[in-house]
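A.B. asks: Sending over a structure as structure tokens; questions will come in a sec.
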Amino acid sequence: MEHQKLLTALPSVDEILKSAEGACWLDRYPRRYVLQGIRDMLQRERDRIRTGGRFSSDLQALLAEMDARIQKLCSYSLQPAINATGVVVHTNLGRSVLSDAVLRHVTEIAAGYSNLEYDLEHGRRGKRYSHVQRLINDITGAEASLIVNNNAAAVFVCLVALAKGREVIVSRGELVEIGGSFRVPDVMSNSGAILREVGTTNKTHAYDYENAINENTALLMKVHQSNFRMVGFTETPSVERLAALGKKHTVPVMFDLGSGSLIDMKPYGIYIEPTVQEVLSAGADLVTFSGDKLLGGPQGGVIVGKKELIDIIAKNQLMRAVRVDKMTLAAFEATLHLYLDEERAKKEIPTLRMLFMKPEEIKKRAQKIAARMKKAVAAGAADIRIVQDASQSGGGALSEVLLETFAVAVRPSGMTVNALEAKLRKQKPPIIARIKDDAVVLDARTVLDEDIAPLAAGVSAAISE
Ligand SMILES: *Cc1c(COP(=O)(O)O)cnc(C)c1O
């Protein structure tokens, strides 16, 4: 009986629309979401009353909930987040962060018309890829280059253009799944190329490739194992060895490098794959890599190598389907410009800066975060301390390379660490952290300067909720 009374006491959609709040919402938000927000909350209210979870109706509280619901429906879904995971190239958090110089170029090009495909000198149609080709060739030492939407597309278009209906020889140890749906055998069959597996899981010799070469062989292909590693009794021929073999039998050698580093990272204790320059000078005819992994640019796939091969790929119909847009091109051009001066690239490309950050510098950053946090969080509400830890570079690249880092470990007194981790994700901006040793661990390596204040505020808000 009590339920019935509460149900009839609920206002109707129309009544709410006619109230001061309703008028205000209709003024500010699209009608469709105002209606949906009101209906969602009324429905939830009815359900609560029916299940005995509500004993009185508080109209003001209900209106506030509707307001929150409508705002949520009307706000952007894609939003900035604070990456406190320490994983520099985090695919789920957007991989590489772009620098100011890069963003300026993107904004300038995207905000108006440009010479995207217009030859200013001759006043006729120009080529979209021309804006970045010279830079890529100069930096990598490649004869020719192309850019497509991502590295998966780069590999695919190479296979379609050069190996459709023909055989591609790949080591059994390199038939990997990179993540998402990029699996070498599947990419191969979708492209129409015929996979010719050679060797064993752990050992593949140059003669395995050589024995498999026949008149229908289109490519010898190497795939970087990315987030997978084999140790122990293993062997795979070097790029030099494969290149010599390819030359002998006039079969091009293609290397899907994955991350595509343009800078030697060994001095920073990071070594998993050779640089693009090294692979090219070792004799690879075609190399593909991502724009937003170790290169630190926009999402994209770069194809570099021999001009005669690049020319064939450029003419393939599929190029149109994987064509990059002007924002990507602008971001590539500006990122590559930074590489013309390697010291500048290391300072200004956020991915490189974070990867190469010295432990002392990260420690200072962690101390700054902790100090702010202690000021914001009520005394006794949490234990906050600096811990030494290891961060991953990420991006399916170098995942097992652990870099010395410093983090802020937070142990809340009034809730579990899992509860705190979940609350952090619901802050604005959301804070993504990990849990370790019964603490929420915030790695200072990937916390950007402008994130420090909102991070402290977000942790404080989450703890007091
Ligand atoms: C990451 C990766 C890919 C896929 O690159 P995307 O740019 O994410 O499409 C392909 N191959 C290898 C070896 C990779 O590491």
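The values are calculated or read from the model by the stated rules, or taken from the named source; none is laboratory data. Predicted model only: the values in this text are computed from it and were never measured. Here the Cβ positions follow ideal geometry from the backbone for every residue, glycine too, while neighbour counts run over all protein chains shown. Keep in mind that these areas ignore ligands, DNA and RNA; they rest on the heavy atoms of the full protein, side chains included. Shrake-Rupley method; radii C 1.70, N 1.55, O 1.52, S 1.80 Å.
A.B. asks: With every protein chain kept in place and ligands, DNA and RNA left out, what is the accessible area per residue of the range 256-409? Probe 1.4 Å, answer in Å². All intermediate terms of the calculation are to be shown ahead of the outcome.
C.D. replies: Working: 6420 Å² over 154 residues.
Per-residue accessible area for the range 256-409 comes out at 42 Å².
A.B. asks: Could you work out the helix-only [θ] at 222 nm for the chain, with each DSSP H run of four or more residues adding -39,500 (n - 2.57) and the total divided by the number of residues, to the nearest 500 deg cm²/dmol?
C.D. replies: -13000 deg cm²/dmol
A.B. asks: Still on this structure, please answer the following. Taking the dipole about the Cα centre of the chain, with the C-beta of Lys and Arg at +1 and of Asp and Glu at -1, give me whichever of Ser261, Val13, Leu93 is farthest to the positive side.
C.D. replies: The one lying farthest along the dipole's positive direction is Val13.
A.B. asks: A further question on this structure: When the chain is fully extended, how far beyond the present Cα-Cα distance does Ala381 get from Asp27, taking 0.36 nm per residue of separation?
C.D. replies: My answer for the length gained is 123.3 nm.
A.B. asks: Which FRET efficiency, nearest 0.05, do Arg172 and Asp437 yield, Cβ-Cβ r, R0 41 Å?
C.D. replies: According to the calculation, E is roughly 0.55.
A.B. asks: Just flag the GluC sites (Glu not before Pro) in the range 149-231 sitting in loop per DSSP whose Cβ has no more than 14 other Cβ atoms within 10 Å.
C.D. replies: Glu215
A.B. asks: Kindly report, to the nearest 10 Å², the accessible surface of Ser189 as traced by a 1.4 Å probe over protein heavy atoms only.
C.D. replies: 80
A.B. asks: For Arg44 and Asp138 in one chain, what is 0.36 nm times their gap in residues minus the Cα-Cα distance, to one decimal in nm? Don't jump to the answer; show the numbers that get you there.
C.D. replies: Numbers: separation 94, 0.36 × 94 = 33.84 nm, distance 6.18 nm.
Extending this stretch completely gives an extra 27.7 nm.
A.B. asks: How much of the accessible area of the chain, in percent, comes from carbon and sulfur atoms when a 1.4 Å probe is used?
C.D. replies: 51
A.B. asks: Loop-only check: which GluC sites (Glu not before Pro) in the range 110-165 are DSSP coil with at most 12 other Cβ within 10 angstrom?
C.D. replies: Here the sparse-neighbourhood loop sites are Glu121.
A.B. asks: To the nearest 0.05, what FRET efficiency results for Gln317 and Gln4 with a Förster distance of 60 Å applied to their C-beta separation?
C.D. replies: 0.35
A.B. asks: Along the Cα→Cβ direction, 7 angstrom out, place labels at Leu103 and Asn115. What is the inter-label distance in nm?
C.D. replies: The two pseudo-label positions are separated by 2.8 nm.
A.B. asks: Hey, what's the range 100-218 come to in accessible area per residue, 1.4 Å probe, Å²? Could the numbers behind the result be given before it?
C.D. replies: Values: 6040 Å² over 119 residues.
Spelled out: the 1.4 Å probe surface of the range 100-218, per residue, equals 51 Å².
A.B. asks: Tell me, what is the FRET efficiency for Asp264 and Ser75 to the nearest 0.05, using R0 = 45 angstrom and their Cβ-Cβ distance as r?
C.D. replies: It comes out at approximately 0.55.
A.B. asks: Need one value: the accessible area of Asp100 in square angstrom, 1.4 angstrom probe, rounded to the nearest 10.
C.D. replies: Number for this one is 110 Å².
A.B. asks: Report, in listed order, any pair from Lys203/Lys266; Lys164/Lys222; Lys164/Lys247; Lys222/Lys347; Lys222/Lys326 with a Cα-Cα distance greater than 29 Å. Don't skip to the answer; put the middle values down first.
C.D. replies: Values: Lys203/Lys266 26 Å; Lys164/Lys222 17 Å; Lys164/Lys247 21 Å; Lys222/Lys347 32 Å; Lys222/Lys326 31 Å.
The pairs that break the limit, which is 29 Å between Cα atoms, are Lys222/Lys347; Lys222/Lys326.
A.B. asks: How big is the dipole moment of the range 100-209 about its Cα centre under a simple scheme where the beta carbon of each Lys and Arg is +1, that of each Asp and Glu is -1, and everything else is neutral? Debye, nearest 20, please.
C.D. replies: Dipole about the Cα centre, nearest 20: 240 debye.
A.B. asks: Once the piece of chain linking Ala390 and Ala68 is laid out straight, how much longer is it, given 0.36 nm per residue of separation minus the C-alpha distance between them? Before the final figure, lay out the partial values.
C.D. replies: Values: separation 322, 0.36 × 322 = 115.92 nm, distance 3.90 nm.
Separation in residues times 0.36 nm, less the Cα-Cα distance, equals 112.0 nm.
A.B. asks: For the chain, give the magnitude of the charge dipole about the Cα centre (Cβ charges: +1 Lys/Arg, -1 Asp/Glu; no others), in debye to the nearest 20.
C.D. replies: In total the dipole reaches around 900 debye.
A.B. asks: Here's something else I'd like to know. Sort out the exposed loop chymotrypsin sites (Phe, Trp or Tyr not before Pro) in the chain (DSSP loop, at most 12 other Cβ within 10 Å) and tell me the longest stretch that has none. Walk me through the numbers on the way to the answer.
C.D. replies: Working: sites that count: Phe55, Tyr76, Tyr113, Phe233.
Longest stretch, sites excluded: 234-465.
A.B. asks: May I ask for the longest run of the chain untouched by trypsin sites (Lys or Arg not before Pro) that are loop-located per DSSP and have at most 12 neighbouring C-beta atoms (other than their own) within 10 Å?
C.D. replies: The longest uninterrupted stretch comes out as 1-126.
A.B. asks: For the range 290-299, what does the Karplus curve 6.51 cos²θ - 1.76 cosθ + 1.60, with θ = phi - 60°, yield as ³J(HN,Hα) per residue in whole Hz, taken in order and with x for Gly and Pro?
C.D. replies: Result, rounded to whole Hz: 7, x, 10, 8, 5, 5, x, x, x, 4.
A.B. asks: Taking 7 Å along the Cα-to-C-beta vector as the label spot, tell me the Arg344-Arg124 distance in nanometres, rounded to one decimal.
C.D. replies: Computed distance between label sites Arg344 and Arg124 equals 3.4 nm.
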